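Accompanying notes for the structure given below.
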Amino acid sequence: AAPCDPGNNSKSNQLRMFRSLHTCAQSLRCDTTLANGQCFGWTKTGHLEWTGVIGKAVIRLRQAPDDTLFCILNKSSTNSSEARMAETLHRYFNLQHDLSAMYTAWSQSDERFQMLAGFFPGIRLICQDPVECVFSFICSSNNNIGRITKMLTSLREKYGESLTVSDEFKCAEKFYSFPSVNSLAKIEEDDLRELGFGYRAKYVIETAKALDKLNTRLRLQHPQNSSNWLESLRGRSRDEIQRELLQLHGIGRKVADCISLFSLDVFDAVPVDTHVLQIAVRNYGFPVLKSKTLTEPAYRQIGDIFRSKFGRYAGWAHSVLFTAELPLYSQRLSPELRFQSQPKKENEIQRASSPCSLPERLIHTVKNSKNRPKSARKVPLERKRKFPSTSLSSGNIASRLRKRPESNADMSVPPSS
């Protein structure tokens, strides 16, 4: 789609439409933060400009040399609405956290981070809507950033609310809000398959139905509480949130950690994909795996390496290190650093294209393996684990959901983005 342009306005009028977020280059850079695989709703619509939807507001962001500017495209700009949007964007980009101080602390604790920091300033964690985050990362299994974005765009266009851009902008592209849980719960599986969701169609619909029931139960129990079930998880421990999310269809540990990190303020969650595994092996002494699977203890050990090194904001530091591994950004590095970024054994540590682009492949470990029965052999956890028969914390919902299909359709390595 053609980018949005503010008509034939003069340069001064164009600048007048934008308001400052009062940040600096060290605090926020949109070119990395919006395109490194933590969110999929922003479109590059001009040089150093991105357009996306937050709630029901169409927002354009412009990256200035030492600031970030914003403009509301679908309503008349007033001081009050712009003030509210500035607050929303401050929360969205977690601007209440001092990123410069974090970079300084991380550089002191890790030589690799210190070498990379100057090439990747201003990479922040965003705090997106948990509902959008859940379904975004359900779609991320065995996928790449471009295809995830296409799937979610199709979902918005067909089931979201159309948002009209103000006449003062000439905008060929159309924008839509993200569908509600209630809307998603009513979709037929075949409809999503026609949109290219494949086996993920079942995961989206079953999780939407479960969340819809959990939301209804929460409202009945707490009529004065307007938050949904996902929002009610905010503030709990990392392990508790992970346990709750694992009960939803199509969510394994890695996807649960992505949801926790990118929408529920669990800043020490570390989603482990092949890029993160490469970092752990190459820079932090984690042993090279002889198999293509990652055991549950190994998954936790890798996360603990990052948490011991970077503390309670380990997920933030992980995001910077992860971004440096992506082909899209690796050219920023010096030749020496690019060479150092090569995996020790490329055939054993395969490439991925987003924090959750590979299937979980977490496996149960079985002791006394010599004489273990055939049924106890190591099996990928996402394929072995059926939807739990135990009830969710807010009601016996999971037991009424169908079992997941025993298919290996999502076990192949995805193409690079």
Worksheet, complete the sentence: Within the range 171-198, residues surrounded by fewer than 18 Cβ atoms within 10 Å (Cβ to Cβ) and within 18 Å of ASN74 (Cβ to Cβ) come out as ALA172, GLU173, LYS174
Fill in: Count of residues meeting criterion [surrounded by 21 or more Cβ atoms within 10 Å (Cβ to Cβ) and either assigned by TED's automatic domain parsing to the domain that holds THR323 or among the aliphatic types (A, V, I, L, M) (or both)] in the range 55-71
3
Item to complete: Return the only residue of ASP167, ASP129 being among the acidic types (Asp, Glu) and within 16 Å of GLY41 (Cβ to Cβ).
Response: ASP129
Discussion item. It is to be established whether one or more residues within the range 3-14 are modelled with pLDDT under 90, under 28 Å from LEU155 (Cβ atoms) and in contact with a Gly (Cβ under 7 Å, 6 or more places away or on another chain).
Written reply: yes
Discussion item. Need a quick list: helices (runs of 4 or more DSSP H) entirely within the range 236-321 having at least 3 residues that are crowded, with 20+ Cβ neighbours inside 10 Å and outside the structural domain of PHE137 (by TED's automatic domain parsing).
Written reply: 274-284, 296-310
Worksheet item: What do you reckon, is MET102 outside the structural domain of CYS24 (by TED's automatic domain parsing), surrounded by 16 or more Cβ atoms within 10 Å (Cβ to Cβ), in contact with a Cys (Cβ under 9 Å, 6 or more places away or on another chain) and modelled with pLDDT of 95 or more?
Response: no
Response to the item:
Of the residues in the range 61-85, those that are touching a strand residue (DSSP E or B) at 6+ places or on another chain (Cβ under 8 Å) and at pLDDT below 95 number 9
Fill in: Odd one out for SER319 among (1) at pLDDT 85 or above; (2) closer than 23 Å to SER140 by Cα; (3) of a type in the set (S, T, N, Q); (4) more than 16 Å from the chain's Cα centre (by Cα)
(4)
Discussion item. I want to confirm something. Restricting to the range 199-235 and keeping residues that are over 23 Å from PRO271 (Cβ atoms) and of a type in the set (Ser, Thr, Tyr), which single residue is surrounded by the fewest Cβ atoms within 10 Å (Cβ to Cβ)?
Written reply: SER226
Practice prompt. Go through THR68, THR149 for me and flag whichever is under 30 Å from ALA208 (Cβ atoms) and either touching a residue at least 60 places away in the same chain (Cβ under 8 Å) or within 24 Å of the chain's Cα centre (by Cα) (or both).
Written response: THR149
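The values are calculated or read from the model by the stated rules, or taken from the named source; none is laboratory data. Here the structure is a predicted model, which means the values were calculated and not measured. Don't worry about glycine lacking a Cβ; one is built from the backbone with ideal geometry, like all the others, and counts go over all protein chains shown.
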